[in-house]
Amino acid sequence: MKKLTRRSFVQKSLLGGAGLLLLPGLLRSRALGATGSGSRLNIAQIGCGRMGTADMENLLAQPLARVVAVCDLDSRRAGLARETVIKFYQQQGETNVDVKAYHDYREVLARKDIDAVVVTTPDHWHALVAVQAALAGKHLFVQKPITYDIVESIALRTAVRAKGVILQTGSQQRSEKPYFAFRQASELVRNGRVGRLRVIRVGVGIDKLSGRKPAPMPVPATFDYERWLGPVVQQPYMEGRVHPQDSITGRPGWITTEDFGLGMITNWGAHHIDIAQWAMGQELGGPVTIDAKAGFMQDDVWTVHRDYHIEMKYPNGVQVILDDKFENGLHFEGDAGWIFCARGSEKVTASDPNVAADPSGRGPFRVSDAKLLAPLEPGETRWLPSPNHYLNWLEGIVARRDPIAPVDQAVKSVQTCCAAWIGMKLGRPLQWDPAAESFPGDAPANAMRGRPARSREYDINVVMKNAGLA
């Protein structure tokens with residue numbers, strides 16, 4: 001997401017937001033529940049770093065949302081987020097703005113006046129926060145990848161469906177602005193414009209070595225590192241493996257540290273695999289075979305994979321190939337032609353890898369033949385409208401319906417990415433059963449579907465058992 005001014009946030013939220021014309025009547029109904037503040041849903045932002053700030057500012061621009069709380073284990077970040085919210089509402093003419101900053105997300109979940117939470121923590125904390133939020137009856141926006149591993153994904157889906165809350169995952173490529181290329185390409189492929197789909201080539205970029213050797217450092221006084229580790233094994237603090245202390249927008253090191261995030265396979269992979277499975281009608285399925293190879297960072301502050309080549313076969317015969325040498329995006333190849341879609345030159349930060357302007361000037365959406373762009377016929381599959389990913393979630397809460405990127409489909413996307421990562425680590429072909437969500441008869445691979453927590457406090461299995469959902 002590019003950095004936007006508050007004015008442009010508001011403009012983007014209003015453009016294409018025709019659904020807002022119907023909302024006042026809906027908001028007066030019981031669909032909103034007892035905790036809405038006037039005509040708004042009360043929202044708490046949990047995780048106030050780079051993407052947390054982006055999520056929060058996008059929600060500030062939505063007339064249907066009211067940000068009432070922020071939470072972060074870094075008190076500096078929590079304080080800055082609170083100031084941002086207060087200044088925004090003051091600029092709207094308010095004088096007494098009540099926004100509270102929290103250290104412990106459990107205090108946020110205990111507030112009865114909060115309708116929903118946005119979970120933008122590091123990946124290794126997604127499941128614990130989101131599951132407990134669902135158990136508390138809070139609706140959820142969870143950044144991708146929806147969880148760190150496969151076991152966590154199953155737990156979160158179970159909790160969300162058991163409690164009937166509405167979850168949207170941060171798969172913004174399913175929404176129209178500014179990612180229309182992905183919607184258009186996947187819709188055309190789903191309706192057979194390329195003929196019988198044969199191959200999808202996916203580029204998800206590559207992380208580079210940091211050039212720094214691991215070295216313990218003193219923990220900043222404003223940061224609760226012990227709590228931040230959560231379920232992860234005890235280890236010394238290194239700023240390069242957490243987040244920069246001098247910047248909110250800088251790319252955090254946990255993304256490239258395997259204990260906290262699995263690297264580009266789940267970072268960009270969660271976006272692109274989601275679109276690939278959506279396009280071929282496998283959004284509730286997954287591959288049946290996986291053959292993955294990768295190199296991993298050695299003797300560096302970062303530990304995730306580098307170069308990779310992954311080949312996966314789906315039940316419908318489609319082959320999905322991921323390679324670090326492919327252009328970042330998706331190339332759909334069928335008997336009748338091909339379609340390519342990408343984000344073009346857009347970056348979250350300047351340090352994002354392998355996202356560059358197309359030197360040919362062809363742009364982020366390309367087809368082998370203009371005939372592939374023929375309008376959809378009556379009866380063909382059409383994606384539901386979603387002009388804005390955040391607005392789509394908020395409207396889903398009001399209407400009590402699933403949003404454009406619901407939990408069941410997000411779970412299948414992350415499971416495919418995690419299964420590919422397991423193949424990378426084991427370095428041998430795997431069989432995957434997408435219905436059973438396991439590797440048939442493969443104990444070593446199945447053992448990697450989850451990982452032991454360092455204590456019961458952070459064990460997702462204990463949380464689920466205590467909730468009667470094990």
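Among residues that are within 27 Å of the chain's Cα centre (by Cα), assigned to a loop (DSSP other than H, G, I, E, B) and surrounded by 14 or more Cβ atoms within 10 Å (Cβ to Cβ), ILE114 is included. Looking at ASN316, is it over 30 Å from LEU60 (Cβ atoms), at pLDDT 95 or above, in contact with a Gly (Cβ under 8 Å, 6 or more places away or on another chain) and not in a helix (DSSP H, G or I)? It is true that ASN316 is over 30 Å from LEU60 (Cβ atoms), at pLDDT 95 or above, in contact with a Gly (Cβ under 8 Å, 6 or more places away or on another chain) and not in a helix (DSSP H, G or I).
Can you find a residue in segment 238-245 that is closer than 30 Å to GLY344 by Cβ, of a type outside the set (Gly, Ala, Ser), free of Cβ contacts under 8 Å to residues at least 60 places away in the same chain and part of a loop (DSSP other than H, G, I, E, B)? The answer is yes; a qualifying residue exists. When the residues of segment 428-470 are narrowed to those that are acidic (Asp, Glu) and in contact (Cβ under 8 Å) with a residue 12 or more places away in the chain, which ends up surrounded by the most Cβ atoms within 10 Å (Cβ to Cβ)? The qualifying residue surrounded by the most Cβ atoms within 10 Å (Cβ to Cβ) is GLU437. Of the residues that make up segment 102-111, is at least one within 16 Å of the chain's Cα centre (by Cα), at pLDDT 95 or above and of a type outside the set (D, E, K, R)? No, segment 102-111 contains no residue that is within 16 Å of the chain's Cα centre (by Cα), at pLDDT 95 or above and of a type outside the set (D, E, K, R).
Note on segment 396-426: among residues that are crowded, with 24+ Cβ neighbours inside 10 Å and among the polar types (S, T, N, Q), the one that is nearest to the chain's Cα centre (by Cα) is SER413. Exactly one residue among VAL202, VAL219 is within 15 Å of ASP74 (Cβ to Cβ), of a type in the set (Val, Ile, Thr) and at pLDDT 95 or above, and that residue is VAL219. The residues in segment 221-236 that are touching a residue at least 60 places away in the same chain (Cβ under 8 Å) and either in contact with a strand residue (DSSP E or B) (Cβ under 9 Å, 6 or more places away or on another chain) or in a loop (DSSP other than H, G, I, E, B) (or both) can be counted, and the count is 9.
Scanning segment 68-84 for residues that are within 22 Å of PRO244 (Cβ to Cβ) and not charged (D, E, K, R) gives VAL70, CYS71, LEU73, SER75, ALA78, GLY79, LEU80, ALA81, THR84.
Within segment 160-182, track down each residue that is out of contact with any helix residue (DSSP H, G or I) (no Cβ under 6 Å at 6 or more places or on another chain), over 30 Å from LEU229 (Cα atoms) and at pLDDT 95 or above. Answer for segment 160-182, where residues must be out of contact with any helix residue (DSSP H, G or I) (no Cβ under 6 Å at 6 or more places or on another chain), over 30 Å from LEU229 (Cα atoms) and at pLDDT 95 or above: just ARG174. When ARG157, ARG212 are screened for being of a type in the set (Lys, Arg), touching a helix residue (DSSP H, G or I) at 6+ places or on another chain (Cβ under 6 Å) and either assigned to a helix (DSSP H, G or I) or closer than 24 Å to TYR102 by Cα (or both), only ARG157 passes.
The values are calculated or read from the model by the stated rules, or taken from the named source; none is laboratory data. Small disclaimer: the values here were computed from a predicted structure and weren't measured. In this analysis, Cβ positions are derived from the backbone assuming ideal geometry, glycine residues included, and neighbour counts consider all displayed protein chains.
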